[in-house]
Structure formats: structure tokens, C-alpha cells
Amino acid sequence: MNKSIIEETLNSFIYDEKLSVLVLRGAWGIGKTYFWDEYVQEKVENKANKALNQTAYSYVSLFGLHDLSQLKSKIFSVGEPLKPPENFVSELEAYSRNENKTWELILRGQSKGKNFLRTLGSFSQIAKILPKSNQLSSILNLAEYGLINKYLICLDDIERKEKDLTIKQIMGLVDELCHRKGCKVILIFNYKTLEGDELKDFNKYREKIVDLEIEYKPTIRDNLSVVFKPQDTYFEELLDVLRILNISNIRIFKKLQWGKDKIWDLIKDTEPSLQKEVLVKLTVFCWAFFNSENNLSLSFISKSIKNTTWYSFSSNDEKKQQLSEVEEEWNEIARKLTLYPQNYDDCLIGLFMNGYLDEQVFKEEIKKINQDHQSKNADAQLSCVWLLYRNSFEPNLDEIKSAMRGVLDDSLGKISLSQFDHTINFLEKFGDDVSAYIENYLGFHRQALLEDDPDEFWIVPEIKNSSLRSKIKDILGASEIFNLDKILDEIARTQGWSIKHLNYLSSLSEDELYDWMISNPKNMVYKIKKGLLIFNNLASTNEDSSQKYQTIKENTENALIRIAKQNPLNEMRVRNLYKIEIPEEGR
């Protein structure tokens, strides 16, 4: 939207004596009032240069007003003179001779101070609340209204008036102000909120009274620039999110700024990728909580985001047909913004729903997730180095090794275990001593390896560097039997597994599974049936995964058959409990 074009239209309205009523319409919160205030205040401040020819300027919000008497009084009481005091008072005197003799007498006795109109308005308001002053209030209302002449008047929030003040009454007053009192009136409101008789009345009077109409439709960038500076960090990223949400409400942008100020000191030292992730979430939650026209409530999003996975975004037509419109709208937003659940979500949601942030919990969760982001970013640097190896037949070994060592030196504590393993293997193969890197790397990650997390155990057999693998096993101080037991317990409970789970289980031999079984682990039947035999009937379009399913199946069945061979009781157990057919030669 080109604001200069709208300003030209406003200028033509202000300075053309034939034009009296202008409507500035647009959706809630997009900055209609803010734009008008900026425009008119520049004119008011230049009153010495005769930027405005009117006697006074009054801005009145109709929010909560019940009747015309209140409206008329407010127009007078908030008036701001637009001419020097002596000129203003003399014009009032001249006008009052024809309109109101009472005020003429009062005016003759007043000083010509620049706050005269406001003082007069304040006196009237005080008089109206005195005991037994109903009659006096009515007289004062008439007198005040009688003094309104050649005003520039802005009536805002018309759609938020009380029901007993009707559009018909307002338009009638506007007509009188313009044609009997020489005023110019600007009406600011959201036209789309009018309905029924009010819409009919407005359309009826609109044709007779309104001279110009402006549809105020600023771009999202225009309105975001009102609250945030375009040079601010992540301005463009926020803009991208707001475009996806299709929102340009300045009030919501101010709430977003408040939320950003609350959390920024807690994330400013984290990885840029995490900062962006948190700000995207903050923006979505703010929009959901404060946007009254939004179908997606914050409570709905709070529940939905916890169940959001990559599968939620699949293009399965049958699955999409089962979604409601609201669920489909959320999935589309979550897909475009790549929104996944994080443990800090409830902290951000609580910031808006409760009005405060649980800083301690938020800091702890951010610290954990920042480590993941650091690892991903360091891995990405190494991935770029590996491109020097993959994408060339040049004799660039020294360049590759130098680049690898550079990443290790700068980000050793942030690199993932698998990337570190691959990198030091390469360096060692071509003559580098990597022992110092291994010692320093394990110094960074010793505590993480000791935490009771299965993900830190099953990766050990996959490590290619023998020195690294040996030292990690020393730190863990745990046997492979214990590792396998924990993994099968998790698979049995969740009926889910990761690629690394699959890789680990398929790496185990028949002997290793046999040894685990005859150790009589706790809940063995449950873990074998729900943890190992779950792979028996699985198939995958991925050939590698299918092969691993088959390997686990064969090794598990062979281990059970070996146990069945031991005695008739074990044969019965294997047949009845695990439904394994024993080969004839195995009996």
C-alpha cells in the first residue's frame, strides 16, 4: 500500500471546502487510527504555518458511548485549538453572538490563554457530576454544542459504540456538524462489522452524506515496521511467518514485541537456528491467543503441536479426508513453518495465557535444545568439508584434512558422535594422530554418556574407530546385555524405534541374542514378543530396512530354536509362548 497516495487523498479532503465527510475503513488492528494520528498530528504541529484552516481538532472514540449527548459533549471537551489563542477566542465570540448568548457573556470575561477551550470543557465535565445537576448538565451540553464551529472531527471506533447510540443518530449528527456548523468529519471504523439495520442505515446515509471513502489496507511489512525496526534481528524471518499466518494487526505485533522482550535475554546467546525456532513458535502462539478472528485457538494449538510429527504432514489423501477444516488449517501452517513439539512450548504458551514466563524451566529446556542445535550446526560444517572429498577427483587431501581439523578445533564439543567418528577415522587413515582429539572430545561428553539414556548405549557397536569405541565402553562401564535389555524394553513399551535402534538390533548375532535370552532378563517374554518378534511381519519399501527386519527375525528365531533343542520343556515354551515352529531335525 502506498501511504503517500492516501495522504494526497486526505490533503484534498482537508483543503477542499466542498468536501465535508470522509470514511477511513479497514479491518481491526491494521493501524487506521495510528495512520490518521500520524497524519493529523503533523498538521496540528504546523498550525502556525496554517496547515489546517479549522478552528479546533477533536478526536473522539465512540467506545462505550450511549447517547448523542455524551458524544456532543466529548467533541467539545477534547477540542484542541488550531489557531493562536486571541484568534480562537475572537472567532468563538463572533460565532456565539448568533448561537449562544450565555457563552458570549462568559467569553468576554475570559483571558486569551491557549488552554481556554480545554479549561472550558473541564469546567463543563465537573459541573455535570455535581449533585442535582441534571438540568445544569443539559444546559451545559447545549451550550457546549453551540460553540462547536468549523471543527476538524475524527469519530473513531464507531463499531464499538453501545447499542442505544444508533448509526442513524450518528450520521444525523455528522450531517448537522458539516452543513450547519462548517465542520469536517472523519469516520474511522471496520465497515464489515456492521449488519442488519445498522448496515442498512449506514448505506442509506452514506450516499447522502459521505464525500470520500478510503480503504486502508497496509502491507504486513508496513505494519510490522510500525512496531519493529526493519534492521532488527530476525525482522525478515518474522515477516515470513506473519505472511504465512496472514496477519497485519498492529495490536498483535505489539504483544509479540512484548513477548520477544521477555525471552530475548534468555536466548540471545544460543545458536541462531534455535533463536529463529523459538521466535517462530512465539509468533504462532501470540497470534493464536490474541487474534479474535482466528479459527485456531491457543488451547487447540497447544494440544495439536504435542501430536505433530512428520507423518502429520504426509499427503495421504485418505488421512486428509478424516481431518476437520481446523485440523487441516493447522497442519498446513505447521508444515510450512516446520513446527514440531519442544519441551519449552508450554513456557511460551504460559507467557501469553498466564502473563508471565517460568524462566527457570525455560532456561533449562533451552540449554538442552541449544546443545542439539550446536551439534547440528557443527555437523553441517563437517558435511560441507566432506563435499571436498565426494565431489572431486582432485589431489586435495591436504585441503580436506586442514578443513576437518579446523572444524574440530573450533567446534569439538558440539560435533555429534557419529560425525566425529567418521572424521577422525579419515584423518587417522591418512597419518594424523587423533588421540588428543579423542581425549578432548570425551572430556566434553563424559557426563552425557553417563546419563541413563538408551540412545547413548546402542550407538557404541556402530563406532568404527577402535580407540574411540574402547574408551566409550570404559566410560559407560555397562555390558552389551544390559544395553540390549533396555532397548527391547523401550520398543516393547512404545511399539516404536529409531533407525539407530534398527541398526543396533540388526548388528547383533544369533549368539548375542541367545546369550541374552538364557540370562533370563526381567519380563523376558514381553520383550521377546513385543520387542524382537515385532519385526517378523514387517516389510518396507526401503530395501535396507527390509533386510534388517529379516536379519533380526532370523537371528531371533534361530536363537529360540537353539533353546528349544535343549529339552522338551523348552521346546514347548518356544512353541506355545513364541509361536515358533521347530524344524524336524531340531527336535
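Read the figures in this text as sums done on the coordinates, not as results from a lab. Quick caveat, the model's predicted, so the values are computed rather than measured. Here Cβ is always computed from backbone atoms with ideal geometry, including for glycine, and neighbour counts include all displayed protein chains.
Taking amide H atoms as placed 1.01 Å from N in the peptide plane, the amide H of residue 463 has no partner under 5 Å among residues 5 or more positions away or on other chains. Indicate the gyration tensor shape class of segment 172-263 (rounded, prolate or oblate), computed on the Cα atoms with a ≥ b ≥ c the square roots of the eigenvalues: a/c under 1.5 is rounded; otherwise a/b larger than b/c is prolate and the rest oblate. Taking the square roots of the gyration eigenvalues as a ≥ b ≥ c, segment 172-263 is prolate.
Given in Å, the Rg to one decimal and the Dmax to the nearest whole number for the Cα atoms of segment 366-476 are 14.3, 45. For segment 480-586, the relative contact order comes to 26 percent (Cα pairs under 8 Å, sequence separation of at least 6). Estimated at 0.36 nm per residue, the fully extended path between residue 584 and residue 412 surpasses their Cα-Cα distance by 56.2 nm. Rounded to whole numbers, the Karplus 3J(HN,Hα) couplings from phi for segment 531-545 are x, 9, 6, 4, 7, 4, 9, 8, 9, 8, 6, 7, 4, 5, 5 Hz, using 6.51 cos²θ - 1.76 cosθ + 1.60 with θ = phi - 60°, and x at Gly and Pro. Per-residue Cβ neighbour counts within 10 Å put 400, 167 in the sequence 400, 167, beginning with the fewest. Starting from the amide H of residue 80, placed 1.01 Å from N in the peptide plane, find each other amide H under 5 Å away whose residue is 5 or more places distant or on another chain. Under 5 Å from the amide H of residue 80 lie the amide H atoms of 57, 58, each far enough along the sequence or on another chain.
Pairs spanning more than 25 Å between alpha-carbon atoms, out of 74/254; 3/184; 281/530; 32/163: 74/254; 281/530.
Classify segment 537-587 as rounded, prolate or oblate from the Cα gyration tensor: take a ≥ b ≥ c as the square roots of its eigenvalues, call it rounded if a/c is under 1.5, otherwise prolate when a/b beats b/c and oblate if not. Since a/c reaches 1.5 and a/b is larger than b/c, the shape of segment 537-587 is classed as prolate.
The distance from the alpha carbon centre of segment 380-402 to that of segment 1-60 is 63 Å, rounded to a whole number. Label positions at residue 221 and residue 495, each projected 7 Å from the Cα along the C-beta direction, are separated by 5.1 nm. Over the Cα atoms of segment 480-586, the radius of gyration divided by the Kirkwood radius equals 0.95; this is the Rg/Rh ratio. Length available on full extension from residue 46 to residue 394: 0.36 nm per residue minus the Cα-Cα distance, which gives 118.1 nm. Per-residue 3J(HN,Hα) values for segment 363-372, derived from phi via the Karplus relation 6.51 cos²θ - 1.76 cosθ + 1.60 with θ = phi - 60°, read 4, 5, 5, 5, 4, 5, 5, 4, 4, 5 Hz in sequence order (x marks Gly and Pro).
Label separation (residue 166 vs residue 440): 8.3 nm, computed from points 7 Å beyond Cα along the C-beta direction. Placing a pseudo-label 7 Å from each Cα along the Cα-to-Cβ vector at residue 235 and residue 432 gives an inter-label distance of 4.2 nm.
The 3J(HN,Hα) values that the Karplus relation (6.51, -1.76, 1.60; θ = phi - 60°) gives for segment 422-427 are, in residue order, 4, 5, 5, 4, 4, 4 Hz. Gly and Pro appear as x. Can you give me the relative contact order of segment 366-476 as a percent, contacts being Cα pairs under 8 Å and 6 or more apart? Computed value for segment 366-476: 24 percent relative contact order. Placing +1 on each Lys and Arg Cβ and -1 on each Asp and Glu Cβ, with no other charges, gives segment 1-69 a dipole about its Cα centre of roughly 60 debye.
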